[in-house]
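The values are calculated or read from the model by the stated rules, or taken from the named source; none is laboratory data. Bear in mind the structure is a predicted one, so any value in this text is a computation, not a measurement. Cβ placement follows ideal geometry from the backbone for every residue including glycine, while neighbour counts extend to all protein chains displayed. Ligands, DNA and RNA are stripped out before the accessible areas are found, and what is left, the full protein with its side chains, is counted by its heavy atoms. Shrake-Rupley method; radii C 1.70, N 1.55, O 1.52, S 1.80 Å.
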Amino acid sequence: MRVFVTGASGWIGSAVVPALIDGGHIDGGHQVVGLARSEASADALAKAGAEVVRGSLEDLDTLRAAAAEADGVIHLAFDHEVAFAQGDFMAAAEADRTAVEAMAAPLADTGKPFVLASGTPVAAGRVATERDGHDLPPLDVVPPEAAGMVVRMATAEYVLGLADRGVRSSVVRLPRTNHGEGDHGFIATWIQAARDKGTAGYYGDGTNRWPAVHRLDSAHMFRVALESAPAGSTLHAVADEGVALRDIAEVIGRHLNLPVVSIPVEEAQDHFGWLTMVMAADQPASSALTREQFDWQPTQPGLLEDIDKGHYFRQ
């Protein structure tokens with residue numbers, strides 16, 4: 001299968017590409033065409049054995065053409081720089097929706113797979129499942145700071161709806177952290193905050209939980225979705241259902257030899273910066289339905305074990 005992958009040189013993508021090309025499958029691999037914004041990304045993809053298409057999510061004609069020439073699409077890219085570093089999640093979410101529509105158009109009535117990366121939902125007071133997160137509130141009733149997230153969730157629902165247009169669409173929901181050696185995401189940001197502030201802090205009482213998965217396990221999930229997910233499927237790439245923030249802070253404190261302390265909610269923004277918005281809700285999630293339906297079982301270390309290996313603390 002010729003597979004067009006956006007975000008192919010990113011943190012998740014750089015694991016998905018080899019999982020597609022080889023992945024240890026006895027039935028062989030797929031031909032990957034990766035979208036690359038930079039020369040460095042293009043070089044990395046070429047070294048991984050992928051064909052390279054130069055462009056970005058703003059190059060809609062390039063996206064349409066690459067999708068039309070492919071046997072399937074996996075969309076991993078999202079402008080995290082705009083969403084988090086610049087603080088404009090809405091702009092990133094709207095640009096993502098436009099890109100998805102461009103890639104989806106040539107797939108209509110072909111039966112080809114379109115796999116979208118999204119995030120696990122929050123189900124107040126319980127563990128979220130694959131059945132949650134599909135009924136979205138109108139934008140005019142959500143707080144402004146949450147509107148961008150609702151737009152991104154609406155894009156996932158749009159992709160699931162492509163099943164009615166002859167696309168074998170699926171959404172792979174990823175947990176809050178896809179950990180592993182080389183990760184520069186949430187855990188690395190948390191560790192840097194601990195170094196900067198001199199304390200391994202946790203948000204509030206520390207009982208809020210993050211679901212987690214090793215990126216090699218989530219990479220395998222994307223191959224499973226591409227090859228076998230029925231149209232309109234929602235899959236959860238979750239290994240740890242919910243790791244308490246305090247437990248994460250304790251591992252960080254032990255490795256940095258720093259005190260582990262509660263950061264009051266009103267002081268969290270100053271301590272954690274943009275990471276506060278990710279810590280502020282209890283958000284465990286299950287993958288039980290996915291494991292029951294598909295041939296996917298996580299085999300890599302869990303989050304606490306992986307942090308405890310020490311690679312996050314090398315400078």
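Which of the residues that make up segment 265-287 are in contact with a strand residue (DSSP E or B) (Cβ under 9 Å, 6 or more places away or on another chain) and in a loop (DSSP other than H, G, I, E, B)?
Hits for segment 265-287 are Ala280, Asp282, Gln283, Pro284, Ser286, Ser287.
Among the residues of segment 60-90, count how many are within 21 Å of the chain's Cα centre (by Cα), over 14 Å from Thr6 (Cβ atoms), without any contact (Cβ under 8 Å) to a residue 40 or more places away in the chain and not in a loop (DSSP other than H, G, I, E, B).
Qualifying residue count, segment 60-90: 2.
Which of the residues spanning segment 128-151 are modelled with pLDDT of 90 or more, open to solvent by less than 50 Å² (accessible area, probe 1.4 Å) and closer than 22 Å to Trp210 by Cβ?
Of everything in segment 128-151, those that are modelled with pLDDT of 90 or more, open to solvent by less than 50 Å² (accessible area, probe 1.4 Å) and closer than 22 Å to Trp210 by Cβ turn out to be Ala128, Thr129, Glu130, Asp132, Gly133, Gly148, Val150.
Counting only residues that are under 16 Å from Tyr312 (Cβ atoms) and open to solvent by 20 Å² or more (accessible area, probe 1.4 Å), how many does segment 241-255 have?
So the count comes out to 4.
Within segment 221-240, is even one residue open to solvent by 10 Å² or more (accessible area, probe 1.4 Å), out of contact with any Gly (no Cβ under 8 Å at 6 or more places or on another chain) and under 26 Å from Arg195 (Cα atoms)?
Checking segment 221-240: not a single residue is open to solvent by 10 Å² or more (accessible area, probe 1.4 Å), out of contact with any Gly (no Cβ under 8 Å at 6 or more places or on another chain) and under 26 Å from Arg195 (Cα atoms).
Taking interchain pairs and intrachain pairs at least six residues apart, which have beta carbon atoms under 8 angstrom, with the first residue in segment 269-287 and within 17 Å of Gly133 (Cα to Cα) and the second polar (S, T, N, Q)?
Ala281/Asn208; Asp282/Thr207; Asp282/Asn208; Gln283/Thr120; Gln283/Asn208; Ala285/Thr120; Ala285/Thr129; Ser286/Thr129
Which of (1) modelled with pLDDT under 95; (2) surrounded by fewer than 18 Cβ atoms within 10 Å (Cβ to Cβ) is the odd one out, the single condition Ala68 does not satisfy?
(1)
On the phi > 0 side of the Ramachandran plot and outside any helix (DSSP H, G or I): is that true of Gly10 in this structure?
Details: on the phi > 0 side of the Ramachandran plot: no; outside any helix (DSSP H, G or I): yes.
So Gly10 does not fit the description; no.
Being more than 21 Å from the chain's Cα centre (by Cα) and surrounded by fewer than 16 Cβ atoms within 10 Å (Cβ to Cβ) is the filter here; which residues of segment 39-59 pass it?
The answer is Glu39, Ala40, Asp43, Ala46, Lys47, Gly49, Glu51, Arg54.
Considering every residue within segment 104-114, establish whether at least one is at pLDDT below 95 and loosely packed, with under 15 Cβ neighbours inside 10 Å.
Taking every residue of segment 104-114 in turn, none turns out to be at pLDDT below 95 and loosely packed, with under 15 Cβ neighbours inside 10 Å.
Tell me yes or no: at least one residue of segment 169-187 is touching an Asp or Glu at 6+ places or on another chain (Cβ under 9 Å), in a helix (DSSP H, G or I) and surrounded by fewer than 21 Cβ atoms within 10 Å (Cβ to Cβ).
No, every residue in segment 169-187 fails to be touching an Asp or Glu at 6+ places or on another chain (Cβ under 9 Å), in a helix (DSSP H, G or I) and surrounded by fewer than 21 Cβ atoms within 10 Å (Cβ to Cβ).
If you check every pair at least six apart or on different chains, which have Cβ atoms under 7 Å apart with a residue in segment 136-158 that is on the phi > 0 side of the Ramachandran plot and part of a helix (DSSP H, G or I) first and a residue that is open to solvent by less than 60 Å² (accessible area, probe 1.4 Å) and of a type in the set (Phe, Trp, Tyr) second?
Taking only residues 6 or more apart or on different chains, not a single pair turns up.
Filter segment 242-261 down to the residues that are in contact with a strand residue (DSSP E or B) (Cβ under 6 Å, 6 or more places away or on another chain) and not basic (Lys, Arg) and list them by number. It would help to see each step written out before you state the result.
Here is the first cut: in segment 242-261, the residues in contact with a strand residue (DSSP E or B) (Cβ under 6 Å, 6 or more places away or on another chain) are 242-246, 249-250, 252-253, 258, 260-261.
Gly242, Val243, Ala244, Leu245, Ala249, Glu250, Ile252, Gly253, Leu258, Val260, Val261, listed by residue number.
Would you mind finding the one in Asp96, Asp71 that is in contact with a His (Cβ under 9 Å, 6 or more places away or on another chain) and closer than 23 Å to Glu145 by Cβ?
Asp96
Restricting to segment 188-204, name every residue that is part of a helix (DSSP H, G or I) and in contact (Cβ under 8 Å) with a residue 40 or more places away in the chain.
Ala188, Thr189, Trp190, Ile191, Ala193, Ala194, Arg195, Lys197
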